[in-house]
Amino acid sequence: MILIKKYGASASLVLLFIIAWEIGARIVNLGFILPTPTDVLRKLWELKEPLFLEHLPATLLIIGIGLMLSIVCGVGLAIWMSVNRTVEKTFYPLMISSQTIPIIALAPIFVLWFGYSIWSKVVVTVLITFFPITVNTYDGLKATSKEYRELLLTMGASKKDLFFKLQVPGSAPHFFSGLKVAVTMSVIGAAIGEWIGAQAGLGYFSRRMMTQFDGTGVFAPIMILSAVGILLFVSVSLLEKRTLKWRKSE
């Protein structure tokens, strides 16, 4: 009942969108451009073995490696910037500038550098997910209460105590906020990398179906990618609730 009350409006809106899509696609009647949802689901069932056994694992591997590297490097850089003013002035503007470059324009360059190996796709995923994790974690580390800091200092706390007992717990909500953005964007990054150059993966499969003018084949892996993004977001949200039990639920 709680889930229905909380997400009922969203579910209703999605259902209305699917119904409108079904009706509109039947009116257009051009399956190679706009297939109906039922046709996409039928195609998804027909291609379940190559999609779920071959291409989905390849995409999940790229997402997993990319997120792991972004978390380790992003949190590390955020901590470094929070304790060193020179590092902050050096890297923060560079991170902001990196977001002005279209990733789709860089993806072919990475294919030239790394070939069709997994690393060209991983680099694209890292570039997309690194920014929200780093910036949100950094903001959380810098947003700790001055009153609490002064209180701990008067109680004889060391810099180590301030970091682990004040900054880390205080920045955790910001980190999870950035991670929730990053996990959904990691799916986009992996798909872009596979679309540009790959030998396996859901993005690669969608591009291959496009060259064959198979509209249902293009939409089928997109539906899986969407489901993966939703599951990753929900997983991070559940992890956040279990980790930050001290936060008051809204």
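Observations, loosely collected:
Conditions (1) out of contact with any helix residue (DSSP H, G or I) (no Cβ under 8 Å at 6 or more places or on another chain); (2) at pLDDT below 90, marked per residue:
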site	(1), (2)
Ile109	yes, yes
Thr129	no, no
Leu141	no, yes
Lys146	yes, yes
Leu151	yes, yes
Ala157	no, yes
Asp161	no, yes
Ser171	no, yes
Leu179	no, no
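- Check on Tyr116, open to solvent by 50 Å² or more (accessible area, probe 1.4 Å) and either more than 20 Å from Met185 (Cα to Cα) or of a type in the set (Phe, Trp, Tyr) (or both): yes
- Within segment 82-103, the only residue that satisfies the criterion of being of a type in the set (A, V, I, L, M), open to solvent by less than 60 Å² (accessible area, probe 1.4 Å) and more than 26 Å from Ile188 (Cβ to Cβ) is Val87.
- In the set (1) among the basic types (Lys, Arg); (2) at pLDDT below 85; (3) crowded, with 16+ Cβ neighbours inside 10 Å, Lys121 fails one condition alone, (2).
- Enumeration of residues in segment 210-227 that are free of Cβ contacts under 8 Å to residues at least 40 places away in the same chain and either in contact with a Leu (Cβ under 9 Å, 6 or more places away or on another chain) or more than 15 Å from Asp39 (Cβ to Cβ) (or both): Met210, Thr211, Gln212, Ile222, Ser226, Ala227
- Residue in segment 3-23 that is closer than 30 Å to Pro169 by Cβ, part of a helix (DSSP H, G or I), of a type in the set (D, E, K, R) and more than 22 Å from the chain's Cα centre (by Cα) present: yes
- Test set (1) without any contact (Cβ under 8 Å) to a residue 40 or more places away in the chain; (2) surrounded by fewer than 22 Cβ atoms within 10 Å (Cβ to Cβ) - Thr184 fails condition number: (1)
- As a summary of the residue check, Arg42 satisfies the conditions (1) modelled with pLDDT of 85 or more; (2) surrounded by 17 or more Cβ atoms within 10 Å (Cβ to Cβ) except for the one numbered (2).
- Test: Gly156 is assigned to a helix (DSSP H, G or I) and open to solvent by less than 70 Å² (accessible area, probe 1.4 Å): no
- Taken over segment 14-33, residues that are open to solvent by less than 70 Å² (accessible area, probe 1.4 Å) and either among the charged types (D, E, K, R) or within 19 Å of Phe205 (Cβ to Cβ) (or both) amount to 2.
- Selection of first residues in segment 229-250 that are more than 24 Å from Gly66 (Cβ to Cβ) and of second residues that are modelled with pLDDT under 90 and aromatic (Phe, Trp, Tyr), restricted to Cβ pairs under 9 Å at least 6 apart or on distinct chains, gives an empty result.
- Close contacts from segment 92-105, counting a first residue that is of a type in the set (Gly, Ala, Ser) and a second that is surrounded by 13 or more Cβ atoms within 10 Å (Cβ to Cβ) and not in a loop (DSSP other than H, G, I, E, B), with Cβ to Cβ under 9 Å and a gap of 6+ residues or different chains, come to Ser98/Leu127; Ser98/Phe130; Ser98/Phe131.
- Candidates are the residues of segment 194-214 that are surrounded by fewer than 18 Cβ atoms within 10 Å (Cβ to Cβ) and among the hydrophobic types (A, V, I, L, M, F, W, C); the one that is modelled with the highest pLDDT is Met210.
The values are calculated or read from the model by the stated rules, or taken from the named source; none is laboratory data. Remember, it's a predicted structure, so these values are computed and weren't measured experimentally. Glycine gets a Cβ as well: all are built from the backbone with ideal geometry, and neighbour counts include every protein chain shown. For accessibility, only protein heavy atoms count, side chains too; no ligands or nucleic acids. Shrake-Rupley method; radii C 1.70, N 1.55, O 1.52, S 1.80 Å.
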